[in-house]
Amino acid sequence: MLNKANPDAADSAYCKSNAADGECALNSEALSSINKAIRKYGVSARGEIVATLSWMLFESGNWVYNINHFPGNIGQGTRTMMTWEYVAEYAKTLHPDAYAKALGTGDVSAADNATKTNVIDLVLNNDDSFGSGFWYLTTKAATFHGNANSLRDGNKADFQKYVEEGIITTWTSEREDIWTKVNSAIVF
C-alpha cells in the first residue's frame with residue numbers, strides 16, 4: 001500500500017539519492033512505525049488514516065525530511081513538520097523525564113535553539129516521528145477523530161477541511177495530489 005502511494009521510497013536506493021543527514025526513510029521502515037501508531041492512538045477509520053499519511057508524506061517530502069529545512073525553523077519537525085510548540089508538547093507527553101531534563105527550568109516559548117534541538121531529538125526516532133500525525137489527530141484536532149461527519153472514507157473535501165481547520169495550514173494542489181495517491185493506494 002505505501003509502495004503504491006509513495007513508489008520511489010520502495011527502492012532501497014531512494015535514501016542514497018535523497019540524503020538529508022540520515023533523515024530519509026524507506027516505506028519498509030515507515031510501515032512498522034505507522035502500524036504501531038495506528039494501534040497506539042486507536043485510529044481505525046480509513047479516511048483518518050489516509051488523511052494522516054497524506055499529511056506526513058506532503059510535509060516530509062515523501063519521507064525525505066524529519067526536521068524543517070525550508071526555511072530552517074529549529075525545533076520544527078517529525079514527519080508532520082509540527083511547529084516547535086507541538087513538538088514540545090508531544091515530547092513531554094511521550095518522554096516526560098527526558099523532556100524535563102532537556103528543557104530544564106525554561107519556558108517553551110523562550111527556549112533557545114540548543115534546547116529546541118535537544119527536545120526535538122527525543123521524538124525523531126521512527127516510531128515517534130511517524131506517530132506524530134496520529135497523536136495530533138487524536139489530541140490537537142480531536143473533533144476530526146471518530147466523528148462520523150469528518151474525514152469520511154474517500155472524501156477529499158473532508159481532507160481539505162482537516163488541512164485548513166485541523167492542521168491549520170494552506171490547502172494546495174500538491175496536498176490534493178498526494179491525498180489522491182494515498183486514497184487510491186490504501187485498501188482495507
* Go through Lys140/Lys161; Lys40/Lys140; Lys92/Lys156; Lys36/Lys156; Lys40/Lys181; Lys161/Lys181 and tell me which ones have a Cα-Cα distance over 21 Å in this structure. => Lys92/Lys156; Lys36/Lys156; Lys40/Lys181
* State, as an integer percentage, the relative contact order of region 47-116 based on alpha-carbon contacts under 8 Å between residues 6 or more apart. => 21
* Asked: If each Cα of region 55-133 is one equal point scatterer, what is log10 of I(q)/I(0) from the Debye formula at q = 0.11, 0.18, 0.20 Å⁻¹?
  -> -0.24, -0.63, -0.77
* **Computed accessible area, Lys161, all protein chains, 1.4 angstrom probe, square angstrom** => 100
* To do: Would you mind putting 169-179, 85-95 in packing order, based on average other-beta-carbon counts within 10 Å, highest first?
  => 85-95, 169-179
* Quote the charge dipole size of the chain about the Cα centre in Debye, to the nearest 20; the model charges only the Cβ of Lys and Arg (+1) and of Asp and Glu (-1). => 480
* Figure the gain on full extension for Asp153 and Ala110 (residue separation times 0.36 nm, minus the Cα-Cα span) and round it to one decimal in nm. => 11.4 nm
* To do: For the chain, find the longest principal axis of its Cα atoms and tell me its angle to the long axis of helix 46-59, 0 to 90°, nearest 10.
  => 60
* **Alpha-carbon centroids, region 98-145 and region 154-188: separation in whole Å** => 24
* Structure fact -> Largest fluctuation, Asp21, Asp153, Asp121 only, Gaussian network model of the chain with Cα springs under 10 angstrom, belongs to Asp21
* Structure fact -> Mean separation of Cα contacts under 8 Å (at least 6 apart) over the residue count of the chain, i.e. the relative contact order in percent, is 28
* Structure fact -> So the angle from the long Cα axis of helix 27-41 to the longest Cα principal axis of the chain, reported in degrees to the nearest 10, equals 80
* Structure fact -> Options [x] 39; [y] 32; [z] 45 are given for percent of Cα pairs over 25 Å apart, and the computed one is [y]
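The values are calculated or read from the model by the stated rules, or taken from the named source; none is laboratory data. Because the structure is a prediction, the values reported are computed rather than measured. Here Cβ is always computed from backbone atoms with ideal geometry, including for glycine, and neighbour counts include all displayed protein chains. Surface areas here come from the heavy atoms of the whole protein model, side chains and all, with no ligands, DNA or RNA. Shrake-Rupley method; radii C 1.70, N 1.55, O 1.52, S 1.80 Å.
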